[in-house]
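A.B. asks: First, the structure itself, so that you have it in front of you.
The values are calculated or read from the model by the stated rules, or taken from the named source; none is laboratory data. This structure is a prediction, so every number in the text was calculated from the model and none was measured. Virtual Cβ from ideal backbone geometry, glycine too; neighbours counted across all protein chains shown.
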Amino acid sequence: VSLLLFNVKGWCLLGSPLAPPPSAAFIFWYIMLHIKTPKSLRAKRELEKRAPKLVEYGKKTLILHGTKTSNVLNAVLTEIYHLKKDNAVKYSRRNDNIRPFESGGETSLEFYSLKTDCSLFVYGSHSKKRPDNLVIGRTYDHHVYDLVEVGIENFKSMASFSYDKKIAPLIGSKPFFAFIGEGFENVEELKHLKEVLLDLFRGQVVKNLNLAGLDRVYVCTAVSSNKVLFTHCALRLKKSGTIVPRMELVEVGPSMDLVVRRHRLPDESLKKEAMKIAPELTKKKEKNVSKDAIVGKIGKIYVPDQEVGNASLPYKPKGVKRERREAKAKGESNNHAEKKQKQQDDDC
């Protein structure tokens with residue numbers, strides 16, 4: 001809008017000092033001229049795919065580096081990318097102008113979110129004031145929705161754990177989540193962190209699950225009001241003598257301590273818009289249908305009267321044809337006799 005006003009003023013200044021202000025029709029024409037619309041069906045489908053939806057089945061994650069990152073933070077970002085490799089985008093370049101918690105510092109972040117169509121992001125930075133700093137956030141309509149800032153301590157990578165590689169979790173498998181501690185129910189910061197971690201690692205939302213695909217567990221233990229122990233374990237199934245197998249947890253990494261530093265909740269108006277639920281579709285009433293406990297579904301079907309007498313026969317037997325010929329010949333002979341009798345009466 002500011003660009004439009006600037007151009008409109010410039011257009012007035014180019015003319016005479018007494019030039020009239022632009023009309024509403026001119027402003028509408030100018031707006032329509034500068035708005036880029038999709039020129040192909042493929043571009044239109046892509047824009048509709050990126051538009052906010054009432055029901056979202058999967059969220060992509062964008063992983064970014066800050067101005068300065070430590071070796072620990074680089075390893076953490078790489079491990080998160082490997083955990084979400086099927087649904088994540090990782091940028092390796094430094095970003096100097098991203099400040100998620102500062103006004104105006106999220107512009108580049110929102111641009112990258114729109115470019116990659118990612119509704120989750122993980123941003124890593126390192127400074128003297130906040131060492132090994134990790135910011136996890138969500139976006140709505142490609143605008144920052146909420147933020148959680150944590151510090152990384154006691155990090156252990158996947159390579160530091162020794163285990164049987166046959167039980168390693170597969171890419172794209174569904175995880176279990178275990179949140180241990182009362183802090184996840186009582187402390188606001190930990191409640192917020194729990195929501196963000198669930199959105200980050202749960203993957204695509206599905207209605208049905210294959211138990212063979214459940215091969216990992218994310219264990220989060222609330223040690224204090226601002227510290228969480230995060231561990232990634234593989235699920236090993238063993239024989240138990242019954243139908244239900246015995247489950248064992250094998251730590252496969254990564255493992256780290258998350259210290260909550262700052263967090264920002266969404267605005268109430270934005271939260272209300274983002275949490276909008278699709279209206280339940282009313283089931284259409286089925287007419288002439290009843291249900292029985294034994295028989296099941298019983299329906300009544302209207303069948304119109306069948307006019308059998310007027311229906312044409314597809315096959316006419318020889319007897320019918322012969323009878324029709326005889327009847328026709330008999331009718332012609334009767335007519336001839338009647339005409340002859342009438343002629344004789346006229347002669348008399």
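A.B. asks: Considering 193, 200, 235, 214, which residue is crowded, with 16+ Cβ neighbours inside 10 Å and at pLDDT 95 or above? Spell out how you get there, then give the answer.
C.D. replies: On the way: 200 fails: at pLDDT 95 or above; 235 fails: at pLDDT 95 or above; 214 fails: at pLDDT 95 or above.
One residue alone meets the criteria, 193.
A.B. asks: State all residues of region 256-286 that are part of a loop (DSSP other than H, G, I, E, B) and not basic (Lys, Arg); if no residue qualifies, say none. Full working, then the answer.
C.D. replies: Step one: of region 256-286, the residues part of a loop (DSSP other than H, G, I, E, B) are 265-267, 275-286.
Within region 256-286, 265, 266, 267, 275, 277, 278, 279, 280, 281, 282, 286 meet the criteria.
A.B. asks: I'm trying to understand the selection: among the residues of region 81-105, which are touching a Gly at 6+ places or on another chain (Cβ under 9 Å) and surrounded by 20 or more Cβ atoms within 10 Å (Cβ to Cβ)? Write out each step before concluding.
C.D. replies: Pass one, region 81-105, residues touching a Gly at 6+ places or on another chain (Cβ under 9 Å): 84-87, 94-100.
84, 98, 100 - these are the residues of region 81-105 that are touching a Gly at 6+ places or on another chain (Cβ under 9 Å) and surrounded by 20 or more Cβ atoms within 10 Å (Cβ to Cβ).
A.B. asks: Would you mention how many residues in region 237-280 are in contact with a helix residue (DSSP H, G or I) (Cβ under 8 Å, 6 or more places away or on another chain) and either closer than 17 Å to residue 158 by Cα or aliphatic (A, V, I, L, M) (or both)? Outline the logic, then answer.
C.D. replies: Keep residues of region 237-280 that are in contact with a helix residue (DSSP H, G or I) (Cβ under 8 Å, 6 or more places away or on another chain), which gives 250, 252-254, 256, 258, 260, 263, 265-266.
Restricting the remaining residues to those that are either closer than 17 Å to residue 158 by Cα or aliphatic (A, V, I, L, M) (or both) gives 250, 252-254, 256, 258, 260, 265.
Summing the residues that are in contact with a helix residue (DSSP H, G or I) (Cβ under 8 Å, 6 or more places away or on another chain) and either closer than 17 Å to residue 158 by Cα or aliphatic (A, V, I, L, M) (or both) in region 237-280 gives 8.
A.B. asks: Filter region 292-341 for residues that are surrounded by 10 or more Cβ atoms within 10 Å (Cβ to Cβ), modelled with pLDDT under 70 and not in a helix (DSSP H, G or I) and give the result.
C.D. replies: The one that is surrounded by 10 or more Cβ atoms within 10 Å (Cβ to Cβ), modelled with pLDDT under 70 and not in a helix (DSSP H, G or I): 316.
A.B. asks: Turning to a different aspect of this structure: For residues that are modelled with pLDDT of 85 or more and of a type in the set (Ser, Thr, Tyr), scanning just region 250-289, find the one that is surrounded by the most Cβ atoms within 10 Å (Cβ to Cβ).
C.D. replies: 255
A.B. asks: Scan (1) at pLDDT below 90; (2) within 32 Å of the chain's Cα centre (by Cα) for the single condition residue 6 breaks and write down its number.
C.D. replies: (2)
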